[in-house]
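The values are calculated or read from the model by the stated rules, or taken from the named source; none is laboratory data. Keep in mind that this is a model prediction, so the values were computed, not measured. Cβ placement follows ideal geometry from the backbone for every residue including glycine, while neighbour counts extend to all protein chains displayed.
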Amino acid sequence: MSTIVYLNRAQVAARIGVRPNSVNNYDLPEPDSITGPVNEDGTIPRGTHRGWLPETIDEWHANRPGRGARTDLEG
């Protein structure tokens, strides 16, 4: 049996080369793993842990807009 290893927010920050607090400002992809309660409306309360597979973060990071990108100017 093989254990699946997920990244927490601090590990995501280290993987993409930013400070851990910076990740709080990013629109991260949906987590691959949730440990703890989830509200009936699908929101994730404080104390519930999210985890991302390294390949999920790598794909997200490779495709996200760069610093200062005007994402409101679609079209």
task: Can you run down the residue pairs with Cβ atoms below 7 Å, 6 or more apart or on separate chains, where the first is in the range 2-16 and under 12 Å from ASP58 (Cα atoms) and the partner is assigned to a strand (DSSP E or B)?
output: LEU7/GLY51; LEU7/TRP52; VAL12/TRP52; ARG15/LEU7
field: Within the range 35-54, considering residues that are among the small types (Gly, Ala, Ser) and farther than 22 Å from ALA14 by Cα, the one surrounded by the fewest Cβ atoms within 10 Å (Cβ to Cβ)
entry: GLY42
task: Only residues that are of a type in the set (Val, Ile, Thr) and at pLDDT 95 or above: list them for the range 19-64, please.
output: THR56, ILE57
